[in-house]
Amino acid sequence: MPLVSMRQLLDEAAKGPYGVGAFNVNNMEQIQAIMEAARETKSPAIVQASRGARSYSQDRFLYHLMLAATELYLEIPTVLHLDHGNSVETCKSAVAMGFTSVMMDGSLMPDGKTPSTFDYNVKATREVVEMAHAKGVTVEGEIGCLGGIEDGHGAGLDGLSHLTDPEQAVEFVQQTGVDALAIAIGTSHGAYKFSSKPTGETLKMDRLLEIHKRLPNTHLVMHGSSSVPKDLQDIINQYGGKLKPTWGVPIEEIQLGIKNGVRKINVDTDNRLAMTGAIRKVFAEKPEEFDPRSYLKPAREAMKKVVALRMTQFGQAGHMGDYAPIPLEEMVKRYQEQRLAA
Ligand SMILES: [Zn+2]
């Protein structure tokens with residue numbers, strides 16, 4: 001089936017209710033890992049690419065790999081989503097390329113580093129919503145700033161300094177008409193999220209509950225939600241890596257989020273760790289190997305395992321065939337008739 005809108009996937013997830021993992025890709029093996037995991041667990045799939053990934057893959061390679069995915073995995077509703085669009089222009093170019101969902105991250109200025117004003121964020125996001133909805137494409141916005149830096153994007157904050165204000169979140173959704181909203185509740189991008197095991201207090205889940213109470217029909221998005229499991233860190237370090245001890249977001253906290261309006265969960269680091277660990281293992285155990293497939297295959301398999309596990313933990317497993325895809329042209333009509341107001 002053709003790529004579908006993210007709005008449809010998330011509306012269906014809200015009925016569940018369940019969450020849908022959004023996994024970042026740069027290359028063929030990562031796309032294959034996600035699609036194989038989706039097939040195995042019978043899950044809908046969100047594949048996402050950052051600006052860094054688009055540039056790494058020259059954009060067109062990525063798009064055509066995704067077309068291949070839709071041809072080979074006909075039964076899986078699949079979304080191609082732009083992660084952290086930094087400007088209206090970036091989002092426009094993604095829509096022109098065939099992305100079926102875009103994130104306009106107006107919480108930062110177009111340099112992707114400097115926190116912006118509320119008014120700037122509303123204006124830029126509103127512009128993207130008008131442009132994207134006219135093509136049936138979904139828009140995710142962000143209010144509040146996440147910690148850490150991802151693919152050169154992020155203010156490098158400590159994660160707690162710019163939490164989402166629930167009142168502002170309501171205003172933002174009303175003024176922009178976004179389909180999904182990324183919120184800052186203390187998570188950060190990258191492997192080094194927490195320097196000790198997070199307790200119930202580390203993540204500001206009360207903030208999330210408050211936002212969900214005020215915006216019960218808005219699909220919430222958790223960024224920086226890798227769990228950074230110890231066994232994946234251990235494999236890397238066992239085979240010559242040098243990761244410092246670190247902790248990610250516990251699955252139970254994500255599951256609590258899913259019970260409270262979280263419909264999209266962004267995961268990248270866990271997959272990076274899994275692939276790198278698998279490659280290091282081959283290099284250490286079979287130093288005579290030099291065929292790239294000898295280490296890319298186990299890397300792909302390791303990522304597939306992590307993705308399949310997350311799909312099961314988030315609850316999307318088994319929901320692949322619940323619905324027929326809505327064509328983007330039909331989404332355009334629904335937006336025009338305001339049948340999709342949050
Ligand atoms: Zn993010």
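The values are calculated or read from the model by the stated rules, or taken from the named source; none is laboratory data. These numbers come from a predicted model, not from an experiment. Please note: Cβ atoms are built from the backbone with ideal geometry, for glycine as well, and neighbour counts cover all protein chains shown.
Evaluated against (1) within 17 Å of ASP270 (Cβ to Cβ); (2) under 23 Å from the mean Cα position of the chain (by Cα), GLY241 falls short on exactly one condition, (2).
With respect to MET131, determine if the residue is within 16 Å of the ligand (Cβ to nearest atom) and within 14 Å of THR176 (Cβ to Cβ). The answer is no for MET131. Conditions first: (1) under 26 Å from LEU256 (Cα atoms); (2) surrounded by fewer than 21 Cβ atoms within 10 Å (Cβ to Cβ). MET1 passes all but one, so which condition is the exception? If we test MET1 against (1) under 26 Å from LEU256 (Cα atoms); (2) surrounded by fewer than 21 Cβ atoms within 10 Å (Cβ to Cβ), just (1) comes out false. Looking only at residues of region 125-182 that are among the β-branched types (Val, Ile, Thr), part of a loop (DSSP other than H, G, I, E, B) and under 22 Å from ALA14 (Cβ atoms), we find that the one that is modelled with the lowest pLDDT is THR164.
What strands (runs of 3 or more DSSP E) completely inside region 30-114 contain at least 2 residues that are under 22 Å from LYS305 (Cα atoms) and small (Gly, Ala, Ser)?
45-49
In the condition set (1) under 30 Å from VAL139 (Cα atoms); (2) more than 16 Å from the ligand (Cβ to nearest atom); (3) in contact (Cβ under 8 Å) with a residue 60 or more places away in the chain, LEU232 is compliant with all but (1). Residues that are among the aliphatic types (A, V, I, L, M) and either in contact with a strand residue (DSSP E or B) (Cβ under 9 Å, 6 or more places away or on another chain) or without any contact (Cβ under 8 Å) to a residue 40 or more places away in the chain (or both) were ranked within region 317-342; the one that is surrounded by the most Cβ atoms within 10 Å (Cβ to Cβ) is MET331. For region 109-117, the count of residues that are within 14 Å of the ligand (Cβ to nearest atom), farther than 18 Å from THR218 by Cα and crowded, with 22+ Cβ neighbours inside 10 Å is zero. Of all the listed residues (SER225, SER195, SER188), the sole one being of a type in the set (Ser, Thr, Tyr), modelled with pLDDT under 95 and more than 16 Å from the ligand (Cβ to nearest atom) is SER195.
Taken over region 61-90, the residue count meeting the criterion of being more than 16 Å from the ligand (Cβ to nearest atom), of a type in the set (D, E, K, R) and either touching a residue at least 12 places away in the same chain (Cβ under 8 Å) or surrounded by 22 or more Cβ atoms within 10 Å (Cβ to Cβ) (or both) is 1. If the condition is being within 15 Å of the chain's Cα centre (by Cα) and touching a residue at least 60 places away in the same chain (Cβ under 8 Å), then region 119-141 contributes THR138, GLU140. Residue count for region 249-301 satisfying the condition of being part of a loop (DSSP other than H, G, I, E, B), away from the ligand (no atom under 16 Å from the Cβ) and modelled with pLDDT under 95: 1.
The set of residues in region 187-223 that are closer than 18 Å to GLY106 by Cα and in contact with a Phe, Trp or Tyr (Cβ under 9 Å, 6 or more places away or on another chain) contains only SER188.
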